[in-house]
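**Q** There's a structure below that I have some questions on.
The values are calculated or read from the model by the stated rules, or taken from the named source; none is laboratory data. Please read these numbers as outputs of a predicted model, since none were measured by experiment. We place every Cβ from the backbone using ideal geometry, glycine too, and count neighbours over all the protein chains shown. The accessibility values were calculated without ligands, DNA or RNA, using every heavy atom of the protein model including side chains. Shrake-Rupley method; radii C 1.70, N 1.55, O 1.52, S 1.80 Å.
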Amino acid sequence: MELQILPLETFKPRVGDETALAFGKQFSDRMFVMNYKTGRGWYDARIQPYQNFSLDPAAMVLHYAQEIFEGLKAFRRPDGQIALFRPLDNFRRFNHGARRMCMPEVDEAFMLEALKELIRLEADWVPRAEGTSLYIRPTMIASEPMLGVRPADEYLCYHCLPGGGLLQGGAGPGQ
């Protein structure tokens, strides 16, 4: 699958004091999104400006909670390089959750490459202060508008990057 990079026209202001970042309240400029349809598979993978989704009020995620998510971190090493903490483990768990929820699995290698590209583009959002990190939230939701108890035929998969800052708990560097 090809990954499209859509243009970004405006940038959000950055927080000056990285130790004052509020976890989960500020989001990066861009996000990763791809669509799924039964019979077609995953398609239209893109990194786009961060924006709201438009969902039908009957979207199955809203009525039957067909959704999964994971969480991982990007952090700065002492040399300033950006590292991810066990990303393939997160995508394996993501697929495990997808199987349990009768949702389509994702290509773990593609998801990792898309995430690396998103982090490369959003590198300014990875804080440099000691003990800080950027949180990453891979998510899949059932977007099909349908009332009926069955797995959906349409899904959205996306990664949003909430500002990290000092995180309490959790495993790995940049806690």
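**Q** Are any of the residues in the stretch 13-31 open to solvent by less than 80 Å² (accessible area, probe 1.4 Å), within 15 Å of LEU134 (Cα to Cα) and modelled with pLDDT of 95 or more?
**A** For the stretch 13-31, residues open to solvent by less than 80 Å² (accessible area, probe 1.4 Å), within 15 Å of LEU134 (Cα to Cα) and modelled with pLDDT of 95 or more: present.
**Q** Please state which of the following conditions LEU121 fails to meet, knowing it meets all the rest: (1) open to solvent by 80 Å² or more (accessible area, probe 1.4 Å); (2) closer than 19 Å to LEU3 by Cα; (3) not acidic (Asp, Glu).
**A** (1)
**Q** Please pick out the residue among ASP44, ASP56 that is open to solvent by 30 Å² or more (accessible area, probe 1.4 Å), over 22 Å from LEU118 (Cα atoms), among the charged types (D, E, K, R) and touching a strand residue (DSSP E or B) at 6+ places or on another chain (Cβ under 9 Å).
**A** Criteria check complete, one pass: ASP56.
**Q** Any residue at all in the stretch 84-104 that is touching a residue at least 60 places away in the same chain (Cβ under 8 Å), in contact with a strand residue (DSSP E or B) (Cβ under 8 Å, 6 or more places away or on another chain) and among the aliphatic types (A, V, I, L, M)?
**A** Looking through the stretch 84-104, none of the residues is touching a residue at least 60 places away in the same chain (Cβ under 8 Å), in contact with a strand residue (DSSP E or B) (Cβ under 8 Å, 6 or more places away or on another chain) and among the aliphatic types (A, V, I, L, M).
**Q** Can you confirm whether TYR36 is in contact with a strand residue (DSSP E or B) (Cβ under 7 Å, 6 or more places away or on another chain), over 24 Å from VAL126 (Cα atoms), among the hydroxyl-bearing types (Ser, Thr, Tyr) and surrounded by fewer than 16 Cβ atoms within 10 Å (Cβ to Cβ)?
**A** no
**Q** Checking ALA129 against (1) under 30 Å from ASP17 (Cα atoms); (2) open to solvent by 40 Å² or more (accessible area, probe 1.4 Å), which single condition isn't satisfied?
**A** (2)
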